[in-house]
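No lab work stands behind these numbers, since they all come straight from the coordinates. Nothing here was measured: the structure is a model prediction, and the numbers come from that model. A quick note on method: Cβ atoms are made from the backbone with ideal geometry, for glycine too, and the neighbour counts reach across all protein chains shown.
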Amino acid sequence: MKKLFVFLAVLGFIAISAQYAVAQTATTTGETEQVEVPIHQQLKTKFIEGGPAFMSVVLLCLIFGLALAIERIIYLTLAETNTGKLLDKVEAAMKDGGVAAAMDVCRNTRGPVASIFYQGLSRADEGLEVVEKSITSYGSVQMSQLEKNLSWIQLFIAIAPMLGFMGTVIGMISAFDAIEAAGDISPNIVAGGIKVALITTVTGLIVAIILQLFYNYLVSKIDSIVVKMEDASISLMDILVKYEK
């Protein structure tokens, strides 16, 4: 434990010394004018400094994660149905044309709720118990469709910071290799390795935070749709009981 504290103290001293050396260099060279660099140019510079090969892997996690998240958002948006309006149409169709008319209404309506209704109504002639089992079974199928690809988003959320921490370790190894080669603990020697370590760590954490926000939004949207599915299924059973002959 004592060696660990000494190691951390040395790293802190190196980092502070590096900052001080950079500040002193800027002061002695007489840089009085600040040139504003565009944000995209700054990001490009940091990307190169973090190591293009390694940073590309972290960037791919963000790209694939966002692609899956956007696909799920579009799918869930299309899956949303006005269950109250659908139930009114189904009940009116049941009243006027029976089960067949109600099935036509469900067939012409998109979304998991309409699909569940259709599966339940298709078993209406087999009794209410069979209808209930059919709704429950097909509801599980629809839920799995709603949750599709969420596990991959979770994977990218977990991998991104781990890759960042791996970059930290690689940067520290590079820094100590430079110290060993030079035989000195000069800030200029190790600053590059420490900078790579910090850039990769920050990038991994930013990617994980962005994907986590999308993931939580998707989970809340799925929960909302599932609740509507369950409430609508109960209402459908009530309609079948009401018009059962």
Worksheet, complete the sentence: Checked segment 53-139 against the a/c 1.5 cut and the a/b vs b/c comparison, axes a ≥ b ≥ c from its Cα gyration tensor; verdict prolate
Discussion item. Show me, for segment 217-232, the HN-Hα J-couplings you get by feeding each phi into the Karplus relation (A = 6.51, B = -1.76, C = 1.60, θ = phi - 60°), rounded to Hz, glycine and proline as x.
Written reply: 5, 5, 4, 5, 5, 5, 4, 5, 5, 5, 4, 5, 4, 5, 5, 5
Item to complete: Tell me which residues come under 5 Å, amide H to amide H, from Thr109 once H is placed; ignore anything under 5 positions away on its chain.
Response: none
Discussion item. Here is the link list: Lys133/Lys228; Lys89/Lys133; Lys148/Lys242; Lys85/Lys221; Lys148/Lys221; Lys89/Lys228. Which ones come out longer than 25 Å on Cα distance?
Written reply: Lys148/Lys242
Practice prompt. Please give the net charge around Arg123, taking every other residue with its beta carbon less than 11 angstrom from that of Arg123, where Lys and Arg add +1 and Asp and Glu add -1.
Written response: -3
Response to the item:
The ³J(HN,Hα) series, computed from each phi in segment 103-110 with the Karplus coefficients 6.51, -1.76 and 1.60 at θ = phi - 60°, rounded to the nearest Hz and given as x for glycine or proline, is 5, 5, 4, 5, 5, 8, 10, 7
Discussion item. Explain nothing, just compute: Karplus ³J(HN,Hα) = 6.51 cos²θ - 1.76 cosθ + 1.60, θ = phi - 60°, for every residue of segment 129-139 in order, whole Hz, x for Gly and Pro.
Written reply: 5, 5, 4, 4, 5, 5, 5, 5, 5, 6, x
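Please sort by residue number the trypsin sites (Lys or Arg not before Pro) in segment 81-143 whose DSSP state is loop and whose Cβ has at most 16 other Cβ atoms within 10 Å. Kindly include the intermediate steps, with their values, before the conclusion.
Working: sites: Lys85, Lys89, Lys95, Arg107, Arg110, Arg123, Lys133; in loops: Arg110, Arg123.
Passing sites in segment 81-143 are Arg110.
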